[in-house]
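The values are calculated or read from the model by the stated rules, or taken from the named source; none is laboratory data. These numbers were taken from a predicted model, which means no experiment stands behind them. No Cβ is skipped: glycine too gets one built from the backbone with ideal geometry, and neighbour counts run over all protein chains shown.
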Amino acid sequence: MRQLILNFHLDIFEGPLDLLLYLIRRNEFDIFDIPIADITAQYLEYLKVLEQIGIDTLADYMAMAALLMEIKSKMLLPRDEEEVREGEEGEEDPRGRLVEMLLTYQTFQWAAEQLNELPQLDRDEFTRPVRKREPGEARFEDLSPYELARAYADTLSRRPSIKVEVETMDVVDKVRELSELLHRQRELLFTNLVEGKSRMEKAVYFLALLDVVVRGLALAHQERLFGDILVKSRVISGS
Amino acid sequence: MEADIRPIVEAILFASEDPVTPESLKKVFPALTLEELVRVLEDLFLEYEHAKGRGFHIRKVKGGYQFRTKPVYSQWVLKYQEAKPQKLSRAALEVLAIIAYRQPITRPEIENIRGVDSSGALKSLIEKNLVKTSGRKDVPGRPLMYVTTSRFLEVFGLNSLEDLPPLKEEEIKERAAEAGALQSLFSNDKKE
Amino acid sequence: MEADIRPIVEAILFASEDPVTPESLKKVFPALTLEELVRVLEDLFLEYEHAKGRGFHIRKVKGGYQFRTKPVYSQWVLKYQEAKPQKLSRAALEVLAIIAYRQPITRPEIENIRGVDSSGALKSLIEKNLVKTSGRKDVPGRPLMYVTTSRFLEVFGLNSLEDLPPLKEEEIKERAAEAGALQSLFSNDKKE
């Protein structure tokens, strides 16, 4: 029974901070003076159930558990009285960062509620459904043939650059790697080169291969469609 | 009771595209009779009929009631709507550009260039009368081919397709290099 | 003159899908100044604001004016249209609030505030066109930055981002200061 109640609550938590705020409210704790041992114990109870359910965001809850335990251990450390008397600034409540996180999150929870209370289109209010006009009437904004040319050029130039943009460094690296390999073994098979590599890496290797071929450093030979690609070095070794 | 539901019926009328019939209101107000609902609609109708200085009124259409702007103001409404420029989405602009420079072209070919599904953009261009179909390509599947319309020339202020701006020099070179890379791959293939 | 154009402007507003700005009316009434057009729109706005028993009114959205049904009647309209209200999940609302108040902001920054992975909520907001990317932040990894869209203003009926309910920033600072006070209290606590 208790388990069920826990499950129900866990469903509606938006993350570890939300769970902590719930525990603080339920226990009527002072957010600026959280009994850390107490709340950690309760939090870990919930964490056990979370582990059993196996939720997607478990890692985030675990990270918070670690933080709570770290704070708890710091709180247990005896303090040097001299230090306390001397440096007021130096002495920090180990809970300080947690309180800050909770306050910031609470602020945005509040902001989310405010947003939710605004009248929303298609939930609280509706506009007039305006009939679509006849084709041919449309006027278009700021359009010139040059706009069109630019769009076309952009589209074309974007095509090969998508992959390159993601791992620019890698292409350069792979080109170097490929050149060195070719220098050593004169020829190699593309499948051997990319074996066990991720899809992205395979793509980057392929780009590197194109680059090497374009520079005239190697020849690529493919027997048939979808067949393996034999890469041969064109650089005369020793020169 | 009837007085209370009047603004509700007005809101329903306001937000619906088709004429609102007394019958269709029954599902919202099951406790009211058809006669009562007719009376509410008629009251609203008469209220707008007698109101002065309003830009719209209620018309009885197809057995229902519908808000419409008054015909005397239609020229202004049209003038506003025509003056108000429409926007082409980025996707639509790209698809339009590809068709303009590569016509006639099929949808698979367009999608091959853009790398993403382009059916939505294509549909909106057809609706806007900027693009139309023109026969089918003689390849397996016989896909439809698309070309630009004369309205397209009009919108972009072009005399003919030959007036389309040439692509930038670097752009052409880049494309040539790209093609060249693939070609050399191809020719090496042949050589050995 | 202004009195005469009021029904015309009303008709235009009534027949327009998007909010009508004084600037866009300028094209229909070139002889009138922006101030005069604003006055006509404001007069209409106030008229509906003070009218009793109407099902709809004028809202100021995205710098323009738009007729919308009144929120109190939404359940009836939805019932008539047999539609479900568009609702955002709590997670999506939280992420939206963070982006709205802190834009431009990266995903790691959002997740730092919420303490939990937010990719799903972010994705749904992008799909709903409430949020979009806007360049990359100049820090290692160059993460994408997110901002709210103009659709966001439209959906939440805001004139501009400045209309967002004020975030009690000062209050947070105050509370933080309080926390500081408590910190020193804490150390005193230990001492005794």
| message | Need the failing condition index for A:MET62 against (1) loosely packed, with under 12 Cβ neighbours inside 10 Å; (2) modelled with pLDDT of 90 or more, just the number. | response | (1)
| field | Check on B:TYR73, farther than 19 Å from B:VAL155 by Cβ, within 14 Å of chain C (Cβ to nearest Cβ) and not in a helix (DSSP H, G or I) | value | no
| task | Test C:VAL147 against the criterion of being in a helix (DSSP H, G or I), β-branched (Val, Ile, Thr) and modelled with pLDDT of 85 or more, and give yes or no. | result | no
| query | Filtering segment A:87-141 down to residues that are at pLDDT below 90 and among the aliphatic types (A, V, I, L, M), which residue is surrounded by the most Cβ atoms within 10 Å (Cβ to Cβ)? | reply | A:ALA138
| field | Residue list for segment B:98-112, restricted to those being basic (Lys, Arg) and part of a strand (DSSP E or B) | value | none
| request: Please indicate, with yes or no, whether at least one residue in segment C:170-192 is at pLDDT below 60, assigned to a loop (DSSP other than H, G, I, E, B) and out of contact with any Cys (no Cβ under 9 Å at 6 or more places or on another chain). | output: yes
| Residues of segment B:43-66 satisfying the condition of being surrounded by 14 or more Cβ atoms within 10 Å (Cβ to Cβ) and more than 30 Å from C:ASP4 (Cβ to Cβ) | B:GLY64
| said: Suppose the filter is over 30 Å from C:PRO143 (Cβ atoms) and modelled with pLDDT of 80 or more; does A:ALA208 pass it? | reply: no
| B:LEU158 more than 14 Å from chain C (Cβ to nearest Cβ), in a helix (DSSP H, G or I) and without any contact (Cβ under 8 Å) to a residue 12 or more places away in the chain | no
| task | Give the residue that is farthest from A:ARG123 (Cα to Cα), with candidates limited to residues of segment C:113-142 that are of a type in the set (Ser, Thr, Tyr) and part of a helix (DSSP H, G or I). | result | C:SER119
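Residue-by-condition table, conditions (1) surrounded by 17 or more Cβ atoms within 10 Å (Cβ to Cβ); (2) at the interface with another protein chain (Cβ under 9 Å from one of its Cβ atoms):
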position	(1), (2)
A:SER198	no, no
A:TYR205	yes, no
A:LEU219	yes, yes
A:ARG224	no, no
A:LYS232	no, yes
| remark: Considering segment B:117-126, residues that are more than 9 Å from chain A (Cβ to nearest Cβ) and surrounded by fewer than 20 Cβ atoms within 10 Å (Cβ to Cβ), and then whichever is farthest from the chain's Cα centre (by Cα), we arrive at B:ASP117
| note | Scanning segment C:14-43 residue by residue, those within 10 Å of chain B (Cβ to nearest Cβ), closer than 18 Å to B:VAL72 by Cβ and touching a residue at least 24 places away in the same chain (Cβ under 8 Å) turn out to be C:PHE14, C:SER16, C:PHE29
| Where B:ALA11 falls short, out of the listed (1) exposed (fewer than 14 other Cβ atoms within 10 Å of the Cβ); (2) modelled with pLDDT of 95 or more; (3) within 11 Å of another protein chain (Cβ to nearest Cβ) | (1)
| message | Against the conditions (1) modelled with pLDDT of 90 or more; (2) over 18 Å from C:ARG102 (Cα atoms), where does C:LEU158 fall short? Just the number, please. | response | (2)
| note | Cβ pairs under 9 Å, 6+ apart or interchain, first in segment A:113-126 and more than 7 Å from chain C (Cβ to nearest Cβ) and without any contact (Cβ under 8 Å) to a residue 24 or more places away in the chain, second surrounded by fewer than 18 Cβ atoms within 10 Å (Cβ to Cβ) and of a type outside the set (Gly, Ala, Ser), ordered by first then second residue, are A:GLU117/C:PRO165
| message | Given the condition within 12 Å of chain A (Cβ to nearest Cβ) and under 26 Å from C:SER160 (Cβ atoms), answer yes or no: does some residue in segment C:44-52 qualify? | response | no
| query | From C:VAL72, C:VAL116, C:VAL95, which residue is out of contact with any strand residue (DSSP E or B) (no Cβ under 7 Å at 6 or more places or on another chain) and in contact (Cβ under 8 Å) with a residue 24 or more places away in the chain? | reply | C:VAL95
| field | Odd one out for B:PHE67 among (1) away from chain C (no Cβ under 14 Å); (2) in contact (Cβ under 8 Å) with a residue 24 or more places away in the chain; (3) among the hydrophobic types (A, V, I, L, M, F, W, C) | value | (1)
| remark: For segment A:3-48, the count of residues that are part of a helix (DSSP H, G or I) and either closer than 20 Å to C:GLU94 by Cα or at pLDDT 85 or above (or both) equals 29
| task | Considering only segment C:76-116, state which residues are buried (at least 22 other Cβ atoms within 10 Å of the Cβ) and either charged (D, E, K, R) or at the interface with chain A (Cβ under 9 Å from one of its Cβ atoms) (or both). | result | C:VAL77, C:LEU93, C:GLU94, C:VAL95, C:LEU96, C:ALA97, C:ILE98, C:ALA100, C:ARG114, C:GLY115, C:VAL116
| Those residues of segment C:134-160 which are aromatic (Phe, Trp, Tyr) and within 30 Å of C:THR69 (Cα to Cα), in sequence order | C:PHE152, C:PHE156
| request: Would you tally the residues in segment A:147-187 being modelled with pLDDT of 80 or more and not hydrophobic (A, V, I, L, M, F, W, C)? | output: 11
| task | Answer yes or no as to whether B:ASN129 is over 21 Å from the mean Cα position of the chain (by Cα) and within 13 Å of another protein chain (Cβ to nearest Cβ). | result | no
